[in-house]
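> Next up is a structure, given as structure tokens.
The values are calculated or read from the model by the stated rules, or taken from the named source; none is laboratory data. Here the structure is a predicted model, which is why all the values come from computation and not from measurement. In this analysis, Cβ positions are derived from the backbone assuming ideal geometry, glycine residues included, and neighbour counts consider all displayed protein chains. Ligands, DNA and RNA are excluded from the accessible area calculation, which covers all protein heavy atoms including side chains. Shrake-Rupley method; radii C 1.70, N 1.55, O 1.52, S 1.80 Å.
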Amino acid sequence: MDQQAERAPVPLARAWWMVAALFMLYVLAWLDRLTISMLVAPIKAQLALTDFQMSLVLGPSFALAYAVFGVPLGWAADRFSRRWVIFGGVLVWALATFACGFATTFEGLILARVFVGIGEAALLPSAYSLIGDAFPPGKVTVATSVFQSAGKTGSAVSFGLGGFAIAFAKSLEWIDWPVHGPASYWQITFALIALPGFVLMFLALSFPDPGRRGQGAARPGRAELWGFVRQHGALLGLMTFAFSCMALVGYSLTSWVPTYMERHFGWQPARYGVALSAMNIFGALALIACGRIVDRLYTRGMRDAHLRFYSWTILALSPVIVAAFFVPNPYVFLACYALIQLITVPFIVYGSAIFALLAPSTMRGQLLGMMMFVFNVLGFGAGPAIVGALTDFVFQDQAKIGMSLAVVVIGGAAMGLAAMRLALPRLNAAVAARQSEAR
């Protein structure tokens, strides 16, 4: 259990090291999560899968486990050592990624991906709870933005390092591996990207727990938690729907853009991996810059700055969102993809910051776990599957994957924007009421 001693202010240097350690673990999570999107062609060929079956491997197998286990692991983050919750999660997802390399059937690969999702579900509720307690309210958004930029950095590492790992794995196919025997290069790639996890998991123990704000108060029971949910039901519902739509857009892109680059432009992993890596680095840097802007807007009195700025970003980028999958030049497409990164990452940053403003620390992990359950089921679970289903059953042509992506990206962004605009008045009132109670 976390200690219940009087909470002292956390030195900023220690708080930022904690963010750095969590950042590296989140990058690792994305490497283990996303490299599979560059291995669609060899996996499909060896296991004789359709696009729709492959979409189940890319999306629902991981996302449903990630979502379902996010709730109990959020509960664990509120009651037990958050560092050890993260340590255990990294160990599980590293073992599961390694197990993907032993998969010889569709069912075996699905099962391994389920356990990758279970392990990764431990990270975000604990990490955002730790960051919310380590930083003062005026610095929470920029701190969470730095941490969440690991998502785009992880995507960059996955596409960049993943491309090199795939090339290296191809040179090792001739080896008769112990226990495994002969292995295809996609199976070797999974083993290569799993190995760092068994070392980096110790980063979760490299910083002290910052303590919990209000930890002297009693732990909230189920009645207090559901009372908070009922009090802010409309706001939480609109936020969760909006963020689920943006998750649908983002996860569809990360799962299927590599395949789109292969089929539409004829690029191979070694080529598009570097390009997509650069686009995701841009997204990571832009996310940190946007986090600073939101913090400044909030400190200047804009109570709904997180959602308002997000909606402004979507509106500003609407021409790019509409045009992306209809441009004929691969470099123009990559520029559009880079700009779309500005709307596909921030939802968890803004959501966790809003919870830090509205909810006690002792229930924040559970609330984040509940919200993540919904937007991972609808976003990561449904998004890639919808793209695969549209390609196989509606357009009935693998070359039309760009049309499938366009439907999901444009539709998801439009619905997310509408929900955000509806939520703005409720967020403003809720933050004002919370600030009044704190005085």
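> Counting pairs of alpha carbon atoms under 8 Å apart in space and at least six apart in sequence, what relative contact order in percent does the stretch 226-352 give?
35 percent
> Where a ≥ b ≥ c are the square roots of the eigenvalues of the C-alpha gyration tensor, would you call the stretch 3-122 rounded, which needs a/c under 1.5, or, failing that, prolate if a/b is larger than b/c, or oblate?
In terms of gyration-tensor shape, prolate.
> Does anyone have the angle between helix 361-375 and the longest principal axis of the chain? Alpha-carbon axes, 0 to 90°, nearest 10?
Once rounded, one gets 30 degrees.
> Treat every Asp and Glu Cβ in the stretch 43-189 as -1 and every Lys and Arg Cβ as +1, leave all other atoms uncharged, and give the resulting dipole magnitude about the Cα centre to the nearest 20 debye.
360 debye
> Right, something else. Sequence-distant or interchain residues sharing an amide H contact under 5 Å with Trp177, placed H: which?
Ala183
> May I pose another question? Just need the relative contact order of the chain here, percent rounded to a whole number, with Cα pairs under 8 Å and 6+ apart.
After rounding, I find 28 percent.
> Here's another thing I want to ask about it. Hey, which aspartates and glutamates would be in cross-link range of Lys152, C-alpha to C-alpha under 17 Å, not counting anything within fewer than 8 residues on its own chain?
Of all the aspartates and glutamates, those that pass the test against Lys152 - Cα under 17 Å, at least 8 places apart if same chain - are Asp32, Glu120.
> Can you work out the accessible area per residue across the stretch 330-417, with the rest of the protein chains kept in place, probe 1.4 Å, in square angstrom?
On a per-residue basis, 28 Å².
> Run lengths n ≥ 4 of DSSP H only: what is the helix-derived mean residue ellipticity at 222 nm for the chain, with -39500 (n - 2.57) per run over all residues, to the nearest 500?
-25500 deg cm²/dmol
> Could you give the angle, 0 to 90 degrees to the nearest 10, between helix 12-34's Cα long axis and the longest principal axis of the Cα atoms of the chain?
Long axis of 12-34 versus the principal axis of the chain: about 30 degrees.
> Identify the trypsin sites (Lys or Arg not before Pro) of the stretch 278-330 meeting these criteria: DSSP loop state and at most 15 other C-beta atoms within 10 Å of the C-beta.
Arg300
> Compare Asp176, Asp32 by solvent-accessible area with a 1.4 Å probe and give them largest first, with all protein chains kept in place.
Descending order: Asp176, Asp32.
> While we're on this one: If the only charges are +1 at each Lys and Arg Cβ and -1 at each Asp and Glu Cβ, what is the size of the charge dipole of the stretch 258-317 around the Cα centre, to the nearest 20 debye?
180 debye
> Continuing with this model, one more query. Would you check the accessible area of Glu262, probe 1.4 Å, heavy atoms only, in square angstrom rounded to 10?
That residue has around 50 Å² of solvent-accessible surface.
> Please report the carbon-and-sulfur percent of the accessible area for the chain; probe 1.4 Å, protein heavy atoms only, DNA, RNA and ligands left out.
The C+S portion of the solvent-accessible surface of the chain is 70 percent.
> Moving on. Answer with one residue from Leu427, Gly412, Tyr337: the one whose Cα lies farthest towards the positive end of the charge dipole of the stretch 322-439, charges on Cβ with Lys, Arg +1 and Asp, Glu -1.
Checked the options; the winner is Leu427.
> Sticking with this one: Calculate the length of the line joining the C-alpha centroid of the stretch 146-215 to that of the stretch 44-90, in whole Å.
Result: 15 Å between the Cα centres.
> For the chain, give the magnitude of the charge dipole about the Cα centre (Cβ charges: +1 Lys/Arg, -1 Asp/Glu; no others), in debye to the nearest 20.
Magnitude of the dipole: close to 1320 debye.
> Any idea what angle helix 82-100 forms with the longest principal axis of the chain, computed on alpha-carbon atoms, 0 to 90 degrees, nearest 10?
Tilt of helix 82-100: around 10 degrees.
> Let me ask another. To make sure I understand the rule: partners must be lysines, Cα under 25 Å from the Cα of Lys44, and not fewer than 8 residues away in the same chain. Which ones qualify?
Filter leaves Lys170, Lys400.
> Sorted by accessible area (1.4 Å probe), largest first, how do Trp177, Trp30, Trp84 line up?
Trp84, Trp177, Trp30
> For the stretch 286-371, what does the relative contact order come out to in percent, with C-alpha contacts under 8 Å and a separation of six or more?
Relative contact order for the stretch 286-371 comes out at 27 percent.
> Could you sort Met38, Met24, Met370 by their accessible area in this structure, using a 1.4 Å probe and putting the largest first?
Met24, Met370, Met38
> Would you please give the FRET efficiency between Phe198 and Gln46, computed as 1/(1 + (r/R0)^6) with r the Cβ-Cβ distance and R0 = 45 Å, to the nearest 0.05?
The computed FRET efficiency comes out at 0.95.
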